[in-house]
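Below is one structure, written out as structure tokens, with a few remarks after it.
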Amino acid sequence: MSTITWIGLGHMGAPMSANLVATGHEVRGFDLSEAAMATAREGGVQTFTTMAEALDGAEVVITMVPKGEHSRAVYLGENGVLALAPRDALLIDSSTIDVATAEDLHRAASEAGFAFVDAPVSGGISGAAAGSLTFMIGGEDEPVRRAAEIVEPMAGRVVHTGAAGSGQAAKIVNNMMLFICLEACSEGSVLADRLGLDPKVFWEIASASSGNSWALQTWYPVPGMTDSAAANNNFDATFSAALATKDIGLALAAGEQTGVNLPAAEVVAQRFQQLVTDGLADKDCSLIAKYAAPDGTI
Ligand code: NAD
């Protein structure tokens, strides 16, 4: 069993770290939010008021923060991981960030003598709670092998995607496809309603038919269809509109860099941006369904 420092105990970090505690690891947590740390304590994580204290004795450091700028701050800051963690600690960034930042972190970690992997995840908060996430890990063979062992209690599947940054590349493309499927569910759910279909009957038809998708099974934006949907809880975030805006933006930026046309992703980006503009950045991204309705009611 290892001593693991966990930075970023939000929607994903709290249930993920609880699964490491349940396996018998010692998990030392830190988050800027006291509320997030209180939730993590319920899962058995020991929390500390500074990152420096949380890093004491770390054999592994796992980070699960919102954006590339946060990963940079956590790793490269004056009192950050590269400055304070024990040199033989394995560093695992599971945040979803841009490939260039991930490559910078690989480089900086290596120059400072650390083994580092980018290891974003897919599966949402339901997958985090169930320990069934897909980990996409980019980096050198040996640290990836060590990381795969550590993340196993949180994972349904672990894939070595290739070189530094390739985990993030896979994650960005995967999420773009998810969000396009979510827009399809949003438009489909409202159209089905306006055509007078019973939502449960339609959801069951789509589930057993060619309209099926992970978004339909997990995030369908109609209450009472699927247990894990934010629609059941007034669209309180499981994956916030703010984070979805970030992720679809990463895909659009990657499309620009590579010259790939992404018109469907552009439409979805506009929907997420509309939630942000309407003051709903902290609500769930599946609330984009409201923009399919002519009067905005769903
Ligand atoms: P969240 O906002 O709920 O949690 C992030 C946490 O990081 C917050 O509690 C915040 O206080 C903390 N944080 C930010 N900067 C920090 C710092 N410098 N030091 C310590 N803590 C800091 O976000 P989330 O939904 O848990 O997502 C985290 C990451 O995982 C994001 O990159 C997201 O894109 C990705 N992700 C989310 C989901 C999902 O369904 N929510 C699924 C897969 C991947």
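The values are calculated or read from the model by the stated rules, or taken from the named source; none is laboratory data. None of these values were measured; they are calculated from a predicted model. With ideal geometry, Cβ positions are generated from the backbone for all residues, glycine too; neighbour counts draw on all protein chains shown.
One residue is enough: does region 59-76 have a residue meeting the conditions part of a strand (DSSP E or B), within 22 Å of V158 (Cβ to Cβ) and in contact with a His (Cβ under 6 Å, 6 or more places away or on another chain)? Checked against the condition, which is being part of a strand (DSSP E or B), within 22 Å of V158 (Cβ to Cβ) and in contact with a His (Cβ under 6 Å, 6 or more places away or on another chain), region 59-76 yields no hits at all. The residue that is nearest to the chain's Cα centre (by Cα), counting only those in region 114-151 that are within 19 Å of T3 (Cβ to Cβ) and either within 11 Å of the ligand (Cβ to nearest atom) or small (G, A, S) (or both), is A119. A single member of V99, V81, V60 is touching a strand residue (DSSP E or B) at 6+ places or on another chain (Cβ under 9 Å), farther than 12 Å from F116 by Cα and β-branched (V, I, T), and it is V99.
Just one of the listed residues (A18, A58, A35) is surrounded by fewer than 20 Cβ atoms within 10 Å (Cβ to Cβ) and assigned by TED's automatic domain parsing to the domain that holds E152, namely A35. Each residue in region 57-102 was checked for being of a type in the set (D, E), more than 14 Å from the ligand (Cβ to nearest atom) and in contact (Cβ under 8 Å) with a residue 40 or more places away in the chain, and 1 of them qualify. List every residue pair whose Cβ atoms sit under 6 Å apart, with the two residues 6 or more apart in sequence or on different chains, where the first one lies in region 8-19 and is part of a loop (DSSP other than H, G, I, E, B) and the second, anywhere, is small (G, A, S). Every condition considered, the pairs that remain are L9/G29; L9/A36; L9/A40; G10/A36; M12/A128. Looking at region 231-246 only, could you name the residues that are within 12 Å of the ligand (Cβ to nearest atom), assigned to a helix (DSSP H, G or I) and within 17 Å of A184 (Cβ to Cβ)? The one that is within 12 Å of the ligand (Cβ to nearest atom), assigned to a helix (DSSP H, G or I) and within 17 Å of A184 (Cβ to Cβ): A244. Checking region 258-277 against the condition returns no match, with no residue being within 12 Å of the ligand (Cβ to nearest atom) and in contact with a helix residue (DSSP H, G or I) (Cβ under 7 Å, 6 or more places away or on another chain). Counting only residues that are closer than 17 Å to P153 by Cβ and buried (at least 20 other Cβ atoms within 10 Å of the Cβ), region 1-15 holds 8 of them.
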